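S.K.: Structure in structure tokens, see below.
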Amino acid sequence: MENKKNMKVLIAKPGLDGHDRGAKVVAQALKEAGMEVVYSGLHRTIDQIVNIAVQEDVNVIGLSIMTGAHIPITQKLFQKIKEKGIGDKIVFVGGVIPSRDVPKLKELGVVGVFPGGTPLAETIQFLQSISKKG
Amino acid sequence: MELVDKVLRGDEGSAARLISMIEEGRDEGYEAISLLFPYTGKAHVIGVTGAPGAGKSTIVDKLAISFGRQGGKVGIIAVDPTSAKGSGAFLGDRLRMRNAEKLEGVFIRSMAHRGFPGGIAKATLGAAYVLEGLGKDVILIESVGSGQTEIQISMICDSVVTVLTPDYGDEIQLMKAGLLEIGDIVVMNKTDRPGAVEAAKDIEFYLMSHKKQHWQIPVLTVEAIQGKGVEDLIAALKLHRTYTVENSQGSSKKKENIKRLVLAIFKEEFWGETLKKIQDKAMFDDIFQQLQNSTIDPYKAVRMVMDLALPTE
């Protein structure tokens, strides 16, 4: 049995959005790539998501958003993680994200944006490259 | 140590970080445990075990709420399996603990078992100490749920609840070594299903006729999703807690258990360290080469690896 640091990722579904097929597919793919994945379940508030991130001590938070409210949700997440003293978490966003909003999300602090249709390998590679840096 | 002070003052973030350190096997983590250890031993540590889908997470959720309402400070450790094909895990237990999660002061930590045998992770006991240091007085541990071999959970818990459903099988399943040997309380869950009452009666009869200790294992009928029977379960848990403290058979079992747990962790650590020492030796590869060419049999290979690891003087 190994004693080692393993990447731990929270896949979270904030707000009213009831579609989690994509989030589950990503969670499964990250698991198969060797990461420990906590799945939040549907309809979580930002406060709940941040609490989960604190208690689980994840390295990465992935938000899956299909409602079009990705900018205000992401804004609120960054505000809350800073308040809770976990502003160092890596945040990525997936879901229905128009390309025109990507610069705005990155400006907020999102490290990677992976809209629906992104090959899973791309998301995995992105997270693995981050863990090497960290 | 600053981290330990912060945990003792109730800082959740520090507790979470410390649990990760123990999972990673870092010296700092183990030093922190030594500092926390004098503050532990008073919490009621409750294990919940049973097959996948039996309703363990839902029962943990309901227990947390009831204990919380009675003024208990609840910590939860939910263990899920690490993939046999790698280091990944899908930790999905807290999904079913949303009601408990909403309760002020409930701390939930998911944990991948990382190959440790017996239904828990190597870091689970350490995490329980951390949660007690954080001020929790009821700690609920949900096992991996792989069935009959979850003996390790009983080594770290004061009370173990075995969750069964009406389709558990028959008397032959009960006679097999395993599940009923580790539980202090049996819960027949999903009692809205046909045959549940009869199944609970069968198990009760079996347990009565095979009683080996002073404690008579009760069989409770529960419909966890509706919260039915949960108060009876809490009452049974409190009764069992009193028994383990007051009855000599109960307290000596605990002393024996902690020794067995240390030996189990030692076995894992020893294996890891030994493998590190021998796997780069040329002879190691050579043994497996011979095995794969069928020039030696598997048991011969094991004896050769043993000689490599522990050469006789």
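The values are calculated or read from the model by the stated rules, or taken from the named source; none is laboratory data. Keep in mind that this is a model prediction, so the values were computed, not measured. Heads up, the Cβs are rebuilt from the backbone with ideal geometry, glycines too, and the neighbour counts pull from every protein chain shown.
S.K.: Pairs under 6 Å by beta carbon, first residue free of Cβ contacts under 8 Å to residues at least 60 places away in the same chain in segment B:214-225, partner polar (S, T, N, Q) and not in a loop (DSSP other than H, G, I, E, B), six or more apart or different chains?
M.R.: B:His214/B:Gln249
S.K.: If I ask for residues that are over 19 Å from the mean Cα position of the chain (by Cα) and at negative phi, which ones from segment B:224-233 would you list?
M.R.: B:Ala224, B:Ile225, B:Gln226, B:Lys228, B:Val230, B:Glu231, B:Asp232
S.K.: Restricted to segment B:74-91, and to residues that are within 10 Å of B:Met111 (Cα to Cα) and outside any strand (DSSP E or B), which residue is nearest to the other protein chains (Cβ to nearest Cβ)?
M.R.: B:Thr82
S.K.: Determine whether segment B:123-135 contains at least one residue that is in contact with a His (Cβ under 7 Å, 6 or more places away or on another chain) and among the aliphatic types (A, V, I, L, M).
M.R.: Looking for residues that are in contact with a His (Cβ under 7 Å, 6 or more places away or on another chain) and among the aliphatic types (A, V, I, L, M), one finds none in segment B:123-135, hence no.
S.K.: Which condition number in (1) touching a residue at least 12 places away in the same chain (Cβ under 8 Å); (2) out of contact with any Gly (no Cβ under 7 Å at 6 or more places or on another chain) is the one that B:Ser83 fails?
M.R.: All conditions are met except number (1).
S.K.: Test B:Ile234 against the stated conditions and say whether it is modelled with pLDDT of 95 or more, in a helix (DSSP H, G or I) and touching a Phe, Trp or Tyr at 6+ places or on another chain (Cβ under 8 Å). Even if it seems obvious, please write down each step before you answer.
M.R.: Values: modelled with pLDDT of 95 or more: yes; in a helix (DSSP H, G or I): yes; touching a Phe, Trp or Tyr at 6+ places or on another chain (Cβ under 8 Å): yes.
In short, yes.
S.K.: Now, a different point. Need a quick list: helices (runs of 4 or more DSSP H) entirely within segment A:3-108 having at least 3 residues that are within 14 Å of chain B (Cβ to nearest Cβ) and under 11 Å from the mean Cα position of the chain (by Cα).
M.R.: Of the helices (runs of 4 or more DSSP H) lying wholly inside segment A:3-108, those with at least 3 residues that are within 14 Å of chain B (Cβ to nearest Cβ) and under 11 Å from the mean Cα position of the chain (by Cα) span A:21-32.
S.K.: Do we find that A:Lys133 is over 12 Å from the mean Cα position of the chain (by Cα), of a type in the set (Lys, Arg), at pLDDT below 95 and surrounded by fewer than 22 Cβ atoms within 10 Å (Cβ to Cβ) in this structure?
M.R.: yes
So that you can scan it fast, the table gives a plain yes or no per residue for (1) at pLDDT below 90; (2) within 14 Å of chain A (Cβ to nearest Cβ):
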site: B:His240; (1), (2): no, no
site: B:Glu246; (1), (2): yes, no
site: B:Lys253; (1), (2): yes, no
site: B:Lys276; (1), (2): no, yes
site: B:Gln289; (1), (2): no, no
site: B:Gln292; (1), (2): no, no
site: B:Leu308; (1), (2): no, no
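S.K.: Confirm whether B:Glu24 is in contact (Cβ under 8 Å) with a residue 24 or more places away in the chain, of a type in the set (Asp, Glu) and over 17 Å from B:Ala128 (Cβ atoms).
M.R.: Here the answer is no, as B:Glu24 does not meet what is asked.
S.K.: For the list (1) within 28 Å of B:Ser251 (Cβ to Cβ); (2) away from chain A (no Cβ under 14 Å); (3) crowded, with 17+ Cβ neighbours inside 10 Å; (4) modelled with pLDDT under 95, I need the number of the one condition that B:Ala128 fails.
M.R.: (4)
S.K.: Further question on the same structure: For segment B:1-63, please list each of the helices (runs of 4 or more DSSP H) lying entirely inside it that holds at least 2 residues being among the hydroxyl-bearing types (Ser, Thr, Tyr) and within 14 Å of another protein chain (Cβ to nearest Cβ).
M.R.: B:12-23
S.K.: Would you pick out the residues in segment A:103-114 that are surrounded by 15 or more Cβ atoms within 10 Å (Cβ to Cβ) and either of a type in the set (A, V, I, L, M) or on the phi < 0 side of the Ramachandran plot (or both)?
M.R.: Going residue by residue through segment A:103-114, those that are surrounded by 15 or more Cβ atoms within 10 Å (Cβ to Cβ) are A:105, A:108-114.
Once the filter is applied, which keeps residues that are surrounded by 15 or more Cβ atoms within 10 Å (Cβ to Cβ) and either of a type in the set (A, V, I, L, M) or on the phi < 0 side of the Ramachandran plot (or both), segment A:103-114 yields A:Leu105, A:Leu108, A:Val110, A:Val111, A:Gly112, A:Val113, A:Phe114.
S.K.: Looking for something in contact (Cβ under 8 Å) with a residue 60 or more places away in the chain, touching a Ser or Thr at 6+ places or on another chain (Cβ under 6 Å) and farther than 27 Å from A:Lys24 by Cα - is there at least one such residue anywhere in segment B:36-58?
M.R.: Within segment B:36-58, one or more residues are in contact (Cβ under 8 Å) with a residue 60 or more places away in the chain, touching a Ser or Thr at 6+ places or on another chain (Cβ under 6 Å) and farther than 27 Å from A:Lys24 by Cα.
S.K.: Report whether or not B:Ser66 is free of Cβ contacts under 8 Å to residues at least 24 places away in the same chain, of a type outside the set (Val, Ile, Thr) and more than 14 Å from chain A (Cβ to nearest Cβ).
M.R.: no
S.K.: Being exposed (fewer than 14 other Cβ atoms within 10 Å of the Cβ) and within 14 Å of chain A (Cβ to nearest Cβ) is the filter here, so list the residues in segment B:255-268 that pass it.
M.R.: Result: B:Phe266, B:Lys267.
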